[in-house]
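**Q** Got a structure for you, written out below as structure tokens; questions coming shortly.
The values are calculated or read from the model by the stated rules, or taken from the named source; none is laboratory data. Predicted model, so just to flag it, every value in this text is computed and none were measured. Cβ placement follows ideal geometry from the backbone for every residue including glycine, while neighbour counts extend to all protein chains displayed.
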Amino acid sequence: MAINIEAADPNIQVEKKRHGFWYDLFRRMIREKPLGTIGLAIFIILLITGIFAPWLAPYGMNDVNLLDKLQGPSAKYLLGTDELGRDILSRLIYGARVSMIIGLGATLFTEGLGITLGVVSGFIGGKVDLVIQRFVDVWMSIPSFLVLMTFMSIIGRGIFQIILVLGITVGVAHSRIMRSAVINIKSNSYVSAAEAIGSSPIRMMVRHILPNIVAPIIVNFTISIGGAIMAEASLSFLGLGVPLGVPSWGSMLSNEGRQYMEIAPLLSVWPGLALTIVVYGINMFGDALRDLLDPRLRGGVGRYTLKGNKLEKFRRKLTNH
């Protein structure tokens, strides 16, 4: 016998049709997290600028014109020029490419290493977990920036070197977060059921553990991008980052920005402002994702379901019919 739920009780909140996960996430971010939406827009602009830098930049990143050195903003040079007559806007655009490559590359390396160590440590447990966690404790007891400076001094400057060092340094520390998430998932009944029917450890990790820790992985990924960009800028400011001739926001602050700060303060203002906006935007995007994906912070999942006394009334009506 078909039951007309709305006729039985018009006050009952019937479950609504839900859209896809990413559509729902994006819609909620626009409605509930405007700063996170702005941060996402900044992140997308950074990606587009980095990818299409040769077409967006009005001049080459190292085009020298000594007759136009240290000029202020004008129609020809929108943000002015540096001590060699190079266009600051063009160098900022190419610097976005460096920041994008290092930010995404180092973060991918970081998450890969963190997930591997965290999943193995949390899922296997025992002596393996003990050994890995004691190593992580020792690693985290050393200031991370000191480790970065030491390794960069040894292996030399370069984009690949920065990605490698940042990935190892931060990835080991992030494994602790992944381990906690894995231990929480491991205690669920479906993992015990998979083990009872003879699933191999690798199959359980791939099919049951990894899909259920996607939320912390996404949050860590977005937040780590901003940290990687800031770390690269700090290393470049100290002369341990990208090679000479490669425009980086940190190197622009360290070289021409610091050297000509008194007579041309805009040389340090523009790269500093770019760093501030990008890192702030990415961090706001990461915080918004954390709030939306963490079940403890999103107010439960009852917005589309029957709640409280209404659910009990609905069950009783079904039983009576």
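**Q** Of the conditions (1) more than 22 Å from the chain's Cα centre (by Cα); (2) modelled with pLDDT of 80 or more; (3) among the charged types (D, E, K, R); (4) under 30 Å from Ser90 (Cα atoms), Glu256 clears all except one; give me its number.
**A** Only one criterion in (1) more than 22 Å from the chain's Cα centre (by Cα); (2) modelled with pLDDT of 80 or more; (3) among the charged types (D, E, K, R); (4) under 30 Å from Ser90 (Cα atoms) is unmet by Glu256, namely (2).
**Q** Suppose we filter Val182, Val165 for residues that are assigned to a helix (DSSP H, G or I) and free of Cβ contacts under 8 Å to residues at least 60 places away in the same chain; which single one remains?
**A** Matching residue, one of Val182, Val165: Val165.
**Q** Turning to a different aspect of this structure: Yes or no: Met100 modelled with pLDDT under 90 and surrounded by 15 or more Cβ atoms within 10 Å (Cβ to Cβ)?
**A** yes
**Q** Let me ask something else about it. Pick from Val147, Val128, Val138, Val119: which is at negative phi, at pLDDT 85 or above, out of contact with any helix residue (DSSP H, G or I) (no Cβ under 9 Å at 6 or more places or on another chain) and not in a loop (DSSP other than H, G, I, E, B)?
**A** Answer to the check: Val138.
**Q** Select, from Ser254, Ser234, the only residue that is touching a helix residue (DSSP H, G or I) at 6+ places or on another chain (Cβ under 7 Å), polar (S, T, N, Q) and crowded, with 21+ Cβ neighbours inside 10 Å.
**A** Result of the check over Ser254, Ser234: Ser254.
**Q** While we're here: In the range 46-69, how many residues are in a loop (DSSP other than H, G, I, E, B) and without any contact (Cβ under 8 Å) to a residue 24 or more places away in the chain? Spell out how you get there, then give the answer.
**A** Filtering the range 46-69 down to residues in a loop (DSSP other than H, G, I, E, B) leaves 52, 57-65, 69.
This time we only want the ones that are without any contact (Cβ under 8 Å) to a residue 24 or more places away in the chain, so: 52, 64-65, 69.
Number of matching residues: 4.
Residues checked against (1) in contact (Cβ under 8 Å) with a residue 40 or more places away in the chain; (2) more than 30 Å from Glu262 (Cα to Cα):
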{"site": "Gln71", "(1), (2)": "no, no"}
{"site": "Thr81", "(1), (2)": "no, no"}
{"site": "Gly105", "(1), (2)": "yes, yes"}
{"site": "Gly122", "(1), (2)": "yes, yes"}
{"site": "Val131", "(1), (2)": "no, yes"}
{"site": "Phe135", "(1), (2)": "no, yes"}
{"site": "Ser144", "(1), (2)": "no, yes"}
{"site": "Met152", "(1), (2)": "yes, yes"}
{"site": "Thr169", "(1), (2)": "no, yes"}
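**Q** Ok, one more. Does Phe109 meet the test of being closer than 20 Å to Ile163 by Cα, modelled with pLDDT of 90 or more and assigned to a helix (DSSP H, G or I)?
**A** On the way: closer than 20 Å to Ile163 by Cα: yes; modelled with pLDDT of 90 or more: yes; assigned to a helix (DSSP H, G or I): yes.
Criteria met by Phe109.
**Q** Which residues, counting only those in the range 247-278, are touching a Phe, Trp or Tyr at 6+ places or on another chain (Cβ under 9 Å) and aliphatic (A, V, I, L, M)?
**A** Selection gives Met252, Leu253, Leu267, Ala274, Leu275, Val278.
**Q** Surrounded by fewer than 19 Cβ atoms within 10 Å (Cβ to Cβ), basic (Lys, Arg) and in a helix (DSSP H, G or I): does that describe Arg207? First the steps, then the outcome.
**A** On the way: surrounded by fewer than 19 Cβ atoms within 10 Å (Cβ to Cβ): yes; basic (Lys, Arg): yes; in a helix (DSSP H, G or I): yes.
Spelling it out, Arg207 is indeed surrounded by fewer than 19 Cβ atoms within 10 Å (Cβ to Cβ), basic (Lys, Arg) and in a helix (DSSP H, G or I).
**Q** Tell me whether the range 193-204 contains one or more residues that are out of contact with any Asp or Glu (no Cβ under 6 Å at 6 or more places or on another chain), under 30 Å from Leu292 (Cα atoms), in contact (Cβ under 8 Å) with a residue 40 or more places away in the chain and not small (Gly, Ala, Ser).
**A** Yes, the conditions are met somewhere in the range 193-204.
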